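Okay, structure first, notes after.
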Amino acid sequence: MVMNSLPPFPGNPHGAPWVPPSVTEHLLYEAGARGDAEAQLRVLAGEELYIVAPRAEVDAAPDMVRWRSYRDEAGRSCLPVLTRGMLPPWHPDWVFHGVSLKWIAETDWSDPHQLLSVNAGTPAQILFPATPPHRAMWLRYHAENDRPRSDRLIALRHGALRGPLAYGLACGAHLAIGNGVPWNEVGTAYREYSCEREQLRDSWGITGPSGWRRQLDFLLEAQNSPAEPDFVLRVREQLRGGLGEPPSADLWRETAAGHAQDIGVGHGTVKDIEELVRRIVRYEARFRADGLLPPDGRVTTTVAYDYGRAVNLARWGLSARFCVPHEAEQAIVYAGALSRSAYHSWEEFSAGYALGRVLRFDGEDYGDYYLDNVTAHRLLTESEGSPWRNLAWR
């Protein structure tokens, strides 16, 4: 494989000073400038690293990683990996395996003189010797520094930061945080290619472009989630409009049940509607206690859950090569516009997203599905670099 057959890496046009694309590359560059290889390895131990591969090869053998070496200018044999911020632009025929420093350390290095090359051909290039003692050290660093990525808000400096595309991506930021990926990237990878396709197949039934488009349209039309939550929320808003104040929980429950009977649903469904109102009342009380809603706040619609996932499904489809960048970007911008029309603030959007998600998956366990929402909400509302603090809702 000829490495320069790939699209070019993000560079520094007109001789401008190189700016690290993310915190990861910044930390690596600073550690390299002071000659601190151990600090570099600690950074790498907490990150996913990427190995380039021809798409046709991965499609033929998704579980096989063929790691090809190259020779640097000094003639040394090197095995290359990239950090996320240094991935080249999206290309239909080139994809990436995601690996860890642990995986690299446990790989069979048949040549004791071979080097591990990180971000080859970029200002952030690093070369590490890969002798058995060195690889044993990598395993130790991985054990000490590997951590969940769901508690970080990650951004790329060359990603979308302003305008409609950034706005739409910010509407998908809950899942970006949960998956440990940059919130503002529409490009080469979301997760690694083979994992992406497997996840879309198993969780969404998507095996090609037409299936991806169909599921994306369901989300953009807010038809993926159950209809009952928005039905009872509309009843509450209608009562509030007529009364001039929020209805009591009992009045809301009885009215929702009555409307359900009026449209001819069965007795069991009516009971489900009554219990759904009770569940929403309990979740909203917890939301207020945890800061997802203000003291007098309420959720008016849960469409944010479909719109937020539409943003991510667009990114997943691009990562899986089921669409091209223009298609993904168009869907993301549209999801952002739909979100803006449905809510009045980022905080309202977040609460609507959270309620849609927990009603579908949490079962009032207040487990990971719930806690992930709280973590993302706090990061997005409080972090200095959050898009929600830098992009006006209206």
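Annotation: residue 188 fulfils all but one of (1) assigned to a loop (DSSP other than H, G, I, E, B); (2) free of Cβ contacts under 8 Å to residues at least 40 places away in the same chain; (3) closer than 24 Å to residue 61 by Cβ; the unmet one is (2).
Scan segment 309-328 for residues that are among the charged types (D, E, K, R), touching a Phe, Trp or Tyr at 6+ places or on another chain (Cβ under 8 Å) and in a helix (DSSP H, G or I) and report the count. Number of matching residues: 1. Restricting attention to segment 282-297, the residues that are surrounded by 14 or more Cβ atoms within 10 Å (Cβ to Cβ) and assigned to a helix (DSSP H, G or I) add up to 6. Taking the criterion of being open to solvent by 10 Å² or more (accessible area, probe 1.4 Å) and within 15 Å of residue 279 (Cβ to Cβ), the only residue of segment 368-394 that qualifies is 369. Could you please find all residues in segment 222-258 being more than 16 Å from residue 275 (Cβ to Cβ), outside any helix (DSSP H, G or I) and in contact (Cβ under 8 Å) with a residue 24 or more places away in the chain? Hits for segment 222-258 are 222, 223, 224, 225, 246. Could you identify the single residue in 88, 92 that is within 24 Å of residue 323 (Cα to Cα), under 23 Å from the mean Cα position of the chain (by Cα) and surrounded by 15 or more Cβ atoms within 10 Å (Cβ to Cβ)? From the options 88, 92, the qualifying one is 88. Would you be able to say whether some residue in segment 122-135 is of a type in the set (D, E, K, R) and open to solvent by less than 70 Å² (accessible area, probe 1.4 Å)? Yes, some residue in segment 122-135 is of a type in the set (D, E, K, R) and open to solvent by less than 70 Å² (accessible area, probe 1.4 Å).
Taking each residue of segment 284-298 that is on the phi > 0 side of the Ramachandran plot and looking for partners that are in a helix (DSSP H, G or I) and among the hydroxyl-bearing types (Ser, Thr, Tyr) with beta-carbon atoms closer than 9 Å, six or more apart or interchain, yields 291/381. You will find that of 318, 380, 371, the residue that is out of contact with any helix residue (DSSP H, G or I) (no Cβ under 8 Å at 6 or more places or on another chain), more than 15 Å from residue 224 (Cβ to Cβ) and among the aliphatic types (A, V, I, L, M) is 371 and no other. The condition of being at pLDDT 95 or above, closer than 24 Å to residue 212 by Cα and not small (Gly, Ala, Ser) holds for only one of 379, 338, that being 338.
Would it be correct to say that residue 362 is open to solvent by less than 30 Å² (accessible area, probe 1.4 Å) and modelled with pLDDT under 95? Let's see the steps before the verdict.
Numbers: open to solvent by less than 30 Å² (accessible area, probe 1.4 Å): yes; modelled with pLDDT under 95: yes.
Spelling it out, residue 362 is indeed open to solvent by less than 30 Å² (accessible area, probe 1.4 Å) and modelled with pLDDT under 95.
Just so you know, in segment 95-110 the residues that are more than 17 Å from residue 142 (Cβ to Cβ) and free of Cβ contacts under 8 Å to residues at least 40 places away in the same chain include one that is surrounded by the most Cβ atoms within 10 Å (Cβ to Cβ), and it is 110. For segment 158-177, residues that are modelled with pLDDT of 95 or more, open to solvent by 10 Å² or more (accessible area, probe 1.4 Å) and closer than 21 Å to residue 83 by Cβ total 3. Tally the residues that are over 15 Å from residue 300 (Cβ atoms), of a type in the set (Gly, Ala, Ser) and open to solvent by 40 Å² or more (accessible area, probe 1.4 Å), restricting the search to segment 228-258. Result for segment 228-258: 4. Residues that are open to solvent by 30 Å² or more (accessible area, probe 1.4 Å) and in contact with a helix residue (DSSP H, G or I) (Cβ under 9 Å, 6 or more places away or on another chain) within segment 48-66 comprise 48, 55, 59, 62, 63, 64, 65, 66, listed in sequence order. Based on what the data block shows, is residue 269 more than 22 Å from residue 352 (Cα to Cα), hydroxyl-bearing (Ser, Thr, Tyr), in a loop (DSSP other than H, G, I, E, B) and without any contact (Cβ under 8 Å) to a residue 60 or more places away in the chain? For residue 269, the condition - more than 22 Å from residue 352 (Cα to Cα), hydroxyl-bearing (Ser, Thr, Tyr), in a loop (DSSP other than H, G, I, E, B) and without any contact (Cβ under 8 Å) to a residue 60 or more places away in the chain - is not met.
Looking only at residues in segment 42-85 that are among the small types (Gly, Ala, Ser) and touching a Pro at 6+ places or on another chain (Cβ under 9 Å), the one that is farthest from residue 156 (Cα to Cα) is 69. In contact with a strand residue (DSSP E or B) (Cβ under 8 Å, 6 or more places away or on another chain) and farther than 18 Å from residue 85 by Cβ, is that true of residue 130? Yes: the conditions hold for residue 130.
The values are calculated or read from the model by the stated rules, or taken from the named source; none is laboratory data. In this text, all values refer to a predicted model and were calculated from it rather than measured experimentally. FYI the Cβ positions are ideal-geometry reconstructions off the backbone, even for glycines, and counts take in every protein chain you see. The accessibility values were calculated without ligands, DNA or RNA, using every heavy atom of the protein model including side chains. Shrake-Rupley method; radii C 1.70, N 1.55, O 1.52, S 1.80 Å.
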